[in-house]
Amino acid sequence: PVYSFFASGSEDCTVRMWDHETAQYERTLKGHTGPVTGLAFDTKGTILASCSADMSAKLWDMTTFACTKTLKGHDHTISGIQFLLSGDQLLTCSRDQSIKLWDTTS
């Protein structure tokens with residue numbers, strides 16, 4: 001995929017989007033209530049997943065920049081997030097010593 005932007009997670013509970021060519025700030029995605037600890041794009045670049053110390057992961061539509069789904073189930077900070085190559089499943093790992101596999105299509 002060709003990405004026109006990149007994302008950064010922040011201690012202020014937000015995800016910031018930046019222009020890939022100019023490195024200029026574009027927009028802020030708000031929804032987490034704890035620091036954002038990880039980010040991952042799906043293989044098509046159409047969905048951004050974020051994870052947080054608020055014990056949730058969120059899926060963001062990269063055409064509307066809206067949060068389309070919140071995933072909850074960990075008992076501590078989610079410290080890592082990654083899409084599988086198929087693009088329809090997501091892995092999260094947490095300080096609660098668990099790894100969860102999520103279906104992003106349902």
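The values are calculated or read from the model by the stated rules, or taken from the named source; none is laboratory data. Remember, predicted model here, so these are calculated numbers, not experimental data. Because the Cβ atoms are built from the backbone with ideal geometry, glycine has one as well, and the counts that use them run over all protein chains shown. The area values use the complete protein model at the heavy-atom level, side chains included, leaving out ligands, DNA and RNA. Shrake-Rupley method; radii C 1.70, N 1.55, O 1.52, S 1.80 Å.
Within the range 10-30, being open to solvent by 40 Å² or more (accessible area, probe 1.4 Å) and within 23 Å of G73 (Cβ to Cβ) holds for one residue alone: K30.
Let's see how each residue does on (1) modelled with pLDDT of 95 or more; (2) surrounded by 14 or more Cβ atoms within 10 Å (Cβ to Cβ); (3) more than 12 Å from V15 (Cβ to Cβ):
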position: V36; (1), (2), (3): yes, yes, no
position: K69; (1), (2), (3): yes, yes, yes
position: K72; (1), (2), (3): yes, no, yes
position: D75; (1), (2), (3): yes, no, yes
position: I78; (1), (2), (3): yes, yes, yes
position: F83; (1), (2), (3): yes, yes, yes
position: R95; (1), (2), (3): yes, yes, yes
position: S98; (1), (2), (3): yes, no, yes
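What strands (runs of 3 or more DSSP E) completely inside the range 51-106 contain at least 2 residues that are closer than 18 Å to G34 by Cα and hydroxyl-bearing (S, T, Y)?
Working: elements: 56-61, 67-72, 78-83, 89-94, 99-103.
The qualifying strands (runs of 3 or more DSSP E) are 89-94.
Scanning the range 7-43 for residues that are without any contact (Cβ under 8 Å) to a residue 40 or more places away in the chain and not in a strand (DSSP E or B) yields S10, E11, D12, H20, E21, T22, A23, Q24, G31, H32, T33, P35.
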